[in-house]
Amino acid sequence: MGSETHPKLPIIDFSEENLKPGSDSWFSVCHDVRHALEEYGCFMAYYNQVPLELHNKIFNALGELFDLPTEIKVKNTSDKPSHGYIGQIPAYPLHESMGIDHATNLEEIQSFAKLMWPAGNEHFCEVVHSYTSLLAELEQVVMRMVLQSYGIEKYFDSHIASTRYLLRCLKNRVPKMNENDIAFPTHSDKSFMTILQQNHVSGLEVDTKDGKSIGFGPPSPSVFIVIAGDAFMAWSNGRIHPPKHRVIMRANEERYSLALFAFKNGMIKVPEELVDDKHPLQFKPFDHVGFIRFFHTEEGRKSNSAIKAYCGI
């Protein structure tokens, strides 16, 4: 089999020396990031800012969290769809997940922890806060690079000020005999951007634009998967591609993963600089939470592209 039948996602190095704005390597990485998001909608980020000790602590904390009784976990509720506990779904019995909204805010993490552990859990809160803060920094660097590459870096501060982060903690159990191995069905993210990390058990598969499926080798503690969501595509006036992806459980041990979703407060609109003769305006301004609510309606779920159905021109 030739290598062309096995497409691979780009791996982009986000180590310190490449992150000095204005340097040659900075401009080179900006170009790579934009190209990866336009072509694949995602890439693997080598990002060594998360210490191995913190990586180990957060995945240990996930095990402790999911070991809680179901009647405790279901207390994780939200008025926003897909922000609270999801699990015990007959169609997808391998999947269980919980959400911490405003996940870079220590008080919000503490509120979540008090629901799970009435006496609180200081260690869990410290670990989650440190981890989400570092992932949010990576998301902001990626966003700055995209803006720089499109020549519209002036929007960076307002963009960051309007960003809200949701951390989803995810567990996939091993399929039993005769159970389907699809842990989570094919979808594109409804976020602006997602930063995902798997433990040592891989399960994510991403589709290329031409429908080929890309799996991942053994995950590494320094590698994070950056995925463009539907809202990013709309903001970019169709330039950035939100990839379809799914989770398949082929391993014989549980898979834990963490996904930091970036959402926007206020109205999202296409920057005027991204509209021209070659790229006529494709999307009306839209409210992000409104879009998520629409996706969870029958019309939203049935549509081929929920974002186009919601605010496409």
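Read-outs: derived from the displayed coordinates by stated rules, not from any lab. This structure is a prediction, so every number in the text was calculated from the model and none was measured. Backbone-built Cβ (ideal geometry, glycine too); neighbour counts: all protein chains shown.
Brief remarks on what is shown
- Charge sum, other residues only, whose C-beta stays under 14 Å from Gly151's C-beta, Lys/Arg counted +1 and Asp/Glu -1: 0
- Backbone N atoms of the range 173-194 closer than 18 Å to the 7 Å Cα→Cβ label point of Val275 are not found in any residue.
- The length gained by stretching the chain between Glu126 and Ile11 to full extension, at 0.36 nm per residue less their Cα-Cα distance, is 38.4 nm.
- Shape class for the range 83-144: oblate, because the ratio a/c of the largest to smallest gyration tensor axis (alpha-carbon atoms, square roots of eigenvalues) is 1.5 or more and b/c is at least a/b.
- Using the Cβ of Phe216 as centre and a radius below 11 Å, the other residues enclosed give a net charge of 0, where K and R count +1 and D and E count -1.
- The chain: most fluctuating residue of Phe263, Phe294, Phe224 per GNM, C-alpha cutoff 10 Å: Phe294
- Electrostatic bookkeeping for Asp207 treats Lys and Arg as +1 and Asp and Glu as -1; over the other residues with beta carbon under 11 Å from its beta carbon, the sum is +2.
- Most fluctuating residue given options Glu39, Glu253, Glu96, as computed from a GNM of the chain linking Cα atoms under 10 Å: Glu253
- To the nearest ten degrees, helix 122-149 and the longest principal axis of the Cα atoms of the chain are 20 degrees apart.
- Each of Ile248, Ile307 was scored by other Cβ atoms within 10 Å of its Cβ. Listed from fewest to most, they are Ile248, Ile307.
- Whole-Hz ³J(HN,Hα) from phi, Karplus 6.51 cos²θ - 1.76 cosθ + 1.60, for the range 197-205, glycine and proline x: 9, 9, 6, 6, 9, 8, x, 6, 10
- Charge-dipole axis of the range 7-270 as Lys and Arg at +1 and Asp and Glu at -1 on Cβ define it, positive-most pick from Tyr92, Ile160, Tyr47: Tyr92
- As a rough footprinting exposure proxy, the listed residues Met116, Met177, Met145 were ranked by other beta carbons within 10 Å of their own, and the order from fewest upward is Met177, Met116, Met145.
- Gain upon complete extension [Ala251, Glu298; 0.36 nm per residue less C-alpha separation]: 13.6 nm
- Cβ-derived FRET efficiency at R0 35 Å, Trp117 paired with Glu179, nearest 0.05: 0.65
- Cα centre as origin, Lys/Arg/Asp/Glu Cβ charges: the range 84-189 dipole, Debye: 220 debye
- Estimated dipole of the chain in Debye, rounded to 20 [Cβ of Lys and Arg +1, of Asp and Glu -1, Cα centre]: 800 debye
- Nearest-ten-degree value, helix 24-39 long axis tilted from longest Cα axis of the chain: 80 degrees
- Global form of the range 7-270, assessed from the alpha-carbon gyration tensor, a/c cut-off 1.5: prolate
- The length gained by stretching the chain between Ile72 and Ile89 to full extension, at 0.36 nm per residue less their Cα-Cα distance, is 4.4 nm.
- Exposure proxy shown here: for Ser15, Ser303, the number of other Cβ atoms within 10 Å sets the order, fewest to most, as Ser15, Ser303.
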